[in-house]
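Following: one structure in structure tokens, then a few remarks.
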Amino acid sequence: MRPGATAISDAPRTVAPQVRQAVIREAERLLVPLADVLAHDDGMRVDELPLADVVLVGVSRASKSVTCFYLASRGIRAANVPIVPDQPLPVELASIDPR
């Protein structure tokens, strides 16, 4: 090891409570939207669509899921619903504010 370098195992193992809380808040800010994307991908859990900040509706292979993951990385709760030929859209979409 170079002179003056510190081994990782020599680093202090305690973190100030305010730093720990800030890390937890940031993790929750990012992980909750990511978990929502996974739970509401491709029209799953349509009864919970009104809880999303954004609901994308489109045909298959239109990058809805990828877009939802991007939005989640920005802290936006996103869901997506596919348009499937010969199948009606979920009635739950009518209860969502279109803005």
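Observations, loosely collected:
- Acute angle (nearest 10 degrees) that the helix 64-73 long axis makes with the longest principal axis of the chain, alpha-carbon atoms: 40 degrees
- Among R45, R29, R77: highest mean-square fluctuation, GNM of the chain, C-alpha pairs under 10 Å: R45
- Segment 25-64 versus segment 80-99: alpha-carbon centroid distance in Å: 14 Å
- Option label - Rg and Dmax of the Cα atoms in Å computed here, alternatives (i) 13.0, 39; (ii) 18.7, 58; (iii) 20.4, 71: (iii)
- GNM result for the chain, Cα springs below 10 Å: residue of A62, A39, A16 fluctuating most strongly: A16
- Debye, to nearest 20: dipole size of the chain, +1 on Lys, Arg Cβ, -1 on Asp, Glu Cβ: 600 debye
- Residue-averaged 222 nm ellipticity for the chain, from DSSP H runs of 4+ at -39500 (n - 2.57), nearest 500: -11000 deg cm²/dmol
- 5 angstrom amide H check on L56, placed H, neighbours 5+ away: A79, N80, V81
- Of D41, D86, D53, the one that fluctuates the most in a GNM where the chain has Cα springs shorter than 10 Å: D86
- Sites V84 and D53 - FRET efficiency at Förster radius 22 Å, r taken between beta-carbons, to 0.05: 0.40
- Here the Karplus curve 6.51 cos²θ - 1.76 cosθ + 1.60, taken at θ = phi - 60°, turns the phi angles of segment 42-58 into couplings of 6, x, 6, 6, 4, 5, 9, 4, x, 7, 6, 6, 9, 10, 8, 10, x Hz, with x standing for Gly and Pro.
- Degrees separating the helix 17-39 axis from the principal Cα axis of the chain, which is the longest one: 30 degrees
None of the figures in this text is laboratory data; all of them are computed from the coordinates on show. Predicted model, so just to flag it, every value in this text is computed and none were measured. Because the Cβ atoms are built from the backbone with ideal geometry, glycine has one as well, and the counts that use them run over all protein chains shown.
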